[in-house]
1. Regarding the range B:139-153, can at least one residue be identified that is buried (at least 20 other Cβ atoms within 10 Å of the Cβ), touching a residue at least 24 places away in the same chain (Cβ under 8 Å) and facing chain A (nearest Cβ under 9 Å)?
2. Is one or more of the residues making up the range A:6-29 at pLDDT below 50, in contact with a strand residue (DSSP E or B) (Cβ under 8 Å, 6 or more places away or on another chain) and either buried (at least 16 other Cβ atoms within 10 Å of the Cβ) or farther than 30 Å from residue A:420 by Cα (or both)?
3. What do you reckon, is residue A:272 part of a helix (DSSP H, G or I), modelled with pLDDT of 80 or more, in the same structural domain as residue A:355 (by TED's automatic domain parsing) and surrounded by fewer than 18 Cβ atoms within 10 Å (Cβ to Cβ)?
4. Checking residue B:68 against (1) free of Cβ contacts under 8 Å to residues at least 12 places away in the same chain; (2) under 25 Å from residue A:164 (Cβ atoms); (3) more than 7 Å from chain A (Cβ to nearest Cβ), which single condition isn't satisfied?
5. Please verify whether residue A:468 is away from every other protein chain (no Cβ under 14 Å), more than 20 Å from the chain's Cα centre (by Cα) and surrounded by fewer than 18 Cβ atoms within 10 Å (Cβ to Cβ), treating the condition exactly as stated.
6. State the number of residues belonging to the range B:48-76 that are modelled with pLDDT of 90 or more and touching a strand residue (DSSP E or B) at 6+ places or on another chain (Cβ under 8 Å).
7. Give the range A:128-138 a look and list any residue that's farther than 14 Å from residue A:87 by Cβ and either within 13 Å of chain B (Cβ to nearest Cβ) or in contact (Cβ under 8 Å) with a residue 24 or more places away in the chain (or both), or say none.
8. Tally the residues that are closer than 16 Å to residue A:121 by Cα and within 31 Å of the chain's Cα centre (by Cα), restricting the search to the range A:157-174.
């Protein structure tokens, strides 16, 4: 738990506390005549009343200014970052992927990078100057890197002096911020982080007398009134920066005389209470500069990211001039909607700056010719990753109070891989469209969710909460709890394989019809998906073909309690009903929970709680908390190995063989399909050599989706894997496991020379010890001779 | 060729174990009889056989970035910044998640931090990936023994020591 120190700095309080009420009764003039006194009191009482009310009102405004000013300045949302990209020779990164990362980081493409945050590319060679960056574990200075690529792999990396570099960590892309609903997103900047020219611009354009007035500039007001009268409309404002700040801090945008008066009063109070520098800093951070859906863009720091995807100190003259120009009317001069108008406004600003001698003619000319340089609008709400941020918020809430998250300016370093997230979103939305077309399903009704995580360590790489991934809303990856159908079967089979004295992969199971009596006297008779009985089947085949009846028989034999206990060890801590139908997936889980179960399989029986956060840093750069890699062995490596070989068979020749249309056989991925009654839910869960992924398809109204696991979710899963460079699943054989030749028909021990014999993995000592008849045959010299001849 | 094989397989197949169907004879090329065989034959075996050959032990060799991170971890450890060292080793594991030696390194750092339970789990994880690297397996059991002992569980410590002895 972090020892979290809240910033409790209080505003400097002047000794005086507002205006004192003037009602001070004089006792020295007692000898005055009664008549005179009553006449006076008739005059004084209303005056005193008015003064008292004004005084109280001013006190109220003063209080509002102080709390508001301080409160707002400290309400800095948590900044959320994705994973840093690790660059090293041999890394599977293509030049295109690196370009995409540079774009996320706001690096600009140039012909040759002379300044930080810039890069150039010549085919398979990229040169970049990185920004300095404060990681959780320390400061990294800006680097010059010369990168060579070959066949989608980073092949060489040298610094400016040609020295080979083993490993460089790029800065982390910002993926969002966490702010309270009533608050605004913001990227606070200190006066020292702001380009000097920007403050000079602000003062010369908005408030020339800023350093001399006391909050209100009468001359400017008169000048504005005169200009407006002359023009016959509002063309010029007379508000000082302080008045604008008051408006932004406390008041609505509605225009009225009362508001104007309030604004002026507050401006006077602000000037009394705070220094010019404090006011300017607040202004820079509070001024309204645009709108992004429901998110208001306040402050230059955020606006710089919003319009240019770059920190403020990297903006050049024309970009700064554009921002200053926008102040007058953020929607009127929205550079994305009205680029021409915004451009004219910018050039007007540049003209004024030139006339006032702030920029030279040459600077002005060059700046007016520059393009606006506004980036395409990012995804809505300041984050393209609402589902992932939702997970971050929930995991943070275990350790932090909500107000810490939204107001303390924490820096949260997460595990999100924007590249994988992007590919997962695309795979999901494109494939859903194709599925609806292919199966003639109503358009737009299918929903889906996906989770991708690292097998080892359980870092969550991508979360997609619905087919419109960029929109915040119902997060199906975390909140859609649906029956998981056959996805439960590997748990049942693992529970069995953990009893090597009783079960191995070739143990015969009966697939003949079964009737299970419930406690309430009801009778349940599960059937296979194909409505056939398959007689006696080896255990591995029952899982590969997802036979229901054989599974129920196995599960009842193993015992529901064992299955339930194992489910708990695999990370499902919600109460699950111990009913026989559980064995066929009558348990409702979210895709994230299913991913947790399969992560343990993928990691060979070692569970790592799925994590979205690596580290948390305080606004001042101090370390608050690390969420370390943890493992705990919840199932023996040998049993999990047998299960995983079986799950590879599911893909190779079982219910998931359709994956071969997406992935090479050489990848040997493992997985399981899941389908629920009336085709309401279509599931697929599985893993490659480095990642585990779960996909669900269904409908929000819980009507049939019309797809089996293999027809639906499997295809999205295959698409996701195909797009994200899967690593082959090579399972290291644990010491406890031996390979033994078995005759698959009889289930007896065989010999490499027996026909049809296959090598199966067994927990040592659990393999069948009776020889199949073919072993004797194979030892027959005649048949050996035959085999030799036809080799 | 196929027909030849089937015709000649018939008399052999007929007298072997009882079968419901008569599968084609395994072609000899798919028989994984050369254990240390070339990549080509191993790949073939992997797709046709249920159980491929056990993969070779992971050599105690680190790629350059992993080596750089482990060096950094050593520097951080020497500077008594164990938290940072753990961070560096975790970075290395993201690059080589199945390197048993890196898992062992993490286990030893956790032990040094006094997180004995976690150290034991991490050493077990390392063992599960160690393949035939007996020396590493022995080191892991020793680490577990020390962790158990430090945590006051002398029975488990003894059991782990016995395991370590077996890898002499």
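1. no
2. Checked against the condition, which is being at pLDDT below 50, in contact with a strand residue (DSSP E or B) (Cβ under 8 Å, 6 or more places away or on another chain) and either buried (at least 16 other Cβ atoms within 10 Å of the Cβ) or farther than 30 Å from residue A:420 by Cα (or both), the range A:6-29 yields at least one hit.
3. yes
4. Of (1) free of Cβ contacts under 8 Å to residues at least 12 places away in the same chain; (2) under 25 Å from residue A:164 (Cβ atoms); (3) more than 7 Å from chain A (Cβ to nearest Cβ), only one is false for residue B:68: (3).
5. no
6. Adding up the residues that qualify gives 1.
7. Going through the range A:128-138, the residues farther than 14 Å from residue A:87 by Cβ turn out to be A:131-132, A:134-138.
Result: A:131, A:134, A:135, A:136, A:137, A:138.
8. Residues meeting the conditions: 1.
The values are calculated or read from the model by the stated rules, or taken from the named source; none is laboratory data. Fair warning: this is a prediction, and the values are worked out from it, not measured in the lab. With ideal geometry, Cβ positions are generated from the backbone for all residues, glycine too; neighbour counts draw on all protein chains shown.
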